[in-house]
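In what follows, a structure is listed as structure tokens, so that the remarks can point back to it.
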Amino acid sequence: MNLQDTLFNWLQISIVAEARPQDGAARETKDFFELILREDHALSRFSYEENDDLYRVEYEQDGQTRMQRYDRELAEQLLTDINSNPKYNE
């Protein structure tokens, strides 16, 4: 999986894990993507922040700080899908 896809997947599941702290599967999946970011892409640090219309992911790779932006609606789509499915809200 390329870096951009991994960052986006990590961001989506991080949003879910933060919104649903009781969701053990979300935490495990977030940990899985963090492992991929560290081991496969050699990121030493990564974090995100949100504003009105986007999420900004900042990460450090090879000693350089980089940044990637993601549309807020797209980044939150996984959470929206999970919350709209009654199976996951019992």
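The values are calculated or read from the model by the stated rules, or taken from the named source; none is laboratory data. The structure displayed is predicted, hence computed values, not measured ones. A quick note on method: Cβ atoms are made from the backbone with ideal geometry, for glycine too, and the neighbour counts reach across all protein chains shown.
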Show the residue pairs that are 6+ apart or on different chains and have beta-carbon atoms under 7 Å apart, the first residue being within segment 38-49 and over 13 Å from Leu11 (Cβ atoms), the second being part of a loop (DSSP other than H, G, I, E, B).
Ala42/Asp62
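Here's the yes/no breakdown for (1) out of contact with any Phe, Trp or Tyr (no Cβ under 7 Å at 6 or more places or on another chain); (2) of a type outside the set (Phe, Trp, Tyr); (3) at pLDDT 95 or above:
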site: His41; (1), (2), (3): yes, yes, yes
site: Asn51; (1), (2), (3): yes, yes, no
site: Tyr55; (1), (2), (3): no, no, yes
site: Gly63; (1), (2), (3): yes, yes, no
site: Gln68; (1), (2), (3): yes, yes, yes
site: Ala75; (1), (2), (3): no, yes, yes
site: Leu78; (1), (2), (3): yes, yes, yes
site: Asn83; (1), (2), (3): yes, yes, no
site: Asn89; (1), (2), (3): yes, yes, no
